[in-house]
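Q: Structure provided below as structure tokens; questions to follow.
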Amino acid sequence: MAEAPVPLTEDEITTALQETPGWTRSGDEITRTYGIRYHGGVALIVHVADVERLIGHHADIDLRWDRVRFGITTHDAGHKLTEADFDLARRIDAIAQAHLAQPLDD
């Protein structure tokens with residue numbers, strides 16, 4: 001049986017956030033929102049979902065008519081942040097860029 005993912009320490013989270021610009025920590029979740037029209041957002045989500053299926057890690061996704069918000073935490077680590085969360089964030093950034101989604105960093 002696979003071992004549960006190990007949560008990052010506060011120092012590791014701080015470093016990972018610095019290495020993942022645009023992502024914001026909200027408790028034990030990292031989030032980022034992209035501006036993109038609805039149908040483009042659907043295509044973006046499908047592309048992200050395909051990658052998520054391959055790596056076995058998933059974001060919570062909120063689709064609106066002009067934006068998509070991603071929230072990432074590791075459920076198997078007690079809803080804590082792990083390296084897998086930051087890996088997925090970097091993958092989402094690359095996919096969003098390919099779909100010409102505009103980061104809406106607050």
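Q: Along the charge dipole of the chain, which of T73, A84, A96 sits closest to the positive end, that is, farthest toward it, with unit charges on the beta carbon of Lys, Arg, Asp and Glu (+1, +1, -1, -1)?
A: A96
Q: Pop out the ³J(HN,Hα) list for region 41-53 in order, Karplus 6.51 cos²θ - 1.76 cosθ + 1.60 with θ = phi - 60°, rounded to Hz; leave Gly and Pro as x.
A: x, 4, 4, 4, 4, 4, 5, 4, 4, 4, 5, 4, 4
Q: One quarter of the convex hull surface, Cα atoms only: what value does that give for the chain in nm²?
A: So the mean shadow area of the Cα hull is 6.5 nm².
Q: Sticking with this one: Quick one: plug the Kirkwood hydrodynamic radius of region 1-47 (C-alpha pairs) into Stokes-Einstein at 37 °C, 0.692 mPa s, and report D in µm²/s.
A: Numbers: Rh = 13.3 Å.
Stokes-Einstein gives a translational diffusion coefficient of 247 µm²/s.
Q: Among T20, G35, P7, which residue has its Cα furthest toward the positive end of the charge dipole of region 5-46, with +1 on Lys/Arg Cβ and -1 on Asp/Glu Cβ?
A: G35
Q: Over the chain, calculate the relative contact order: mean separation of alpha carbon pairs under 8 Å at least 6 apart, over the residue count, as a percent.
A: Taking the mean separation of contacting Cα pairs over the length of the chain, I get 37 percent.
Q: So how exposed is E12, as accessible area in Å² (1.4 Å probe, rounded to 10)?
A: 90 Å²
Q: What is the gain in length, in nm to one decimal, between A43 and T24 on full extension, counting 0.36 nm per residue of separation less the C-alpha to C-alpha distance?
A: Going from the current span to full extension adds 4.5 nm.
Q: Within region 29-46, whose backbone N sits under 19 Å from a point 7 Å along Cα→Cβ of L104?
A: Flagged as within label range: 30-46.
Q: Roughly how many debye, to the nearest 20, is the charge dipole of region 5-106 about its Cα centre, given +1 on each Lys and Arg Cβ, -1 on each Asp and Glu Cβ, and no other charges?
A: The calculation lands at about 500 debye.
Q: Please compute the contact order of region 57-106 in relative form: average sequence separation of alpha-carbon pairs under 8 Å and at least six residues apart, divided by the residue count, as a percent.
A: With pairs under 8 Å counted, the relative contact order is 24 percent.
Q: Under the rule of -39500 (n - 2.57) per DSSP H run of 4 or more residues, summed and divided by the residues of the chain, what mean residue ellipticity at 222 nm is obtained, to the nearest 500 deg cm²/dmol?
A: -13000 deg cm²/dmol
The values are calculated or read from the model by the stated rules, or taken from the named source; none is laboratory data. Bear in mind that the values here come from a model prediction, so they are computed numbers and not experimental data. No Cβ is skipped: glycine too gets one built from the backbone with ideal geometry, and neighbour counts run over all protein chains shown. Only protein heavy atoms, including side chains, enter the accessible area calculation; ligands, DNA and RNA are left aside. Shrake-Rupley method; radii C 1.70, N 1.55, O 1.52, S 1.80 Å.
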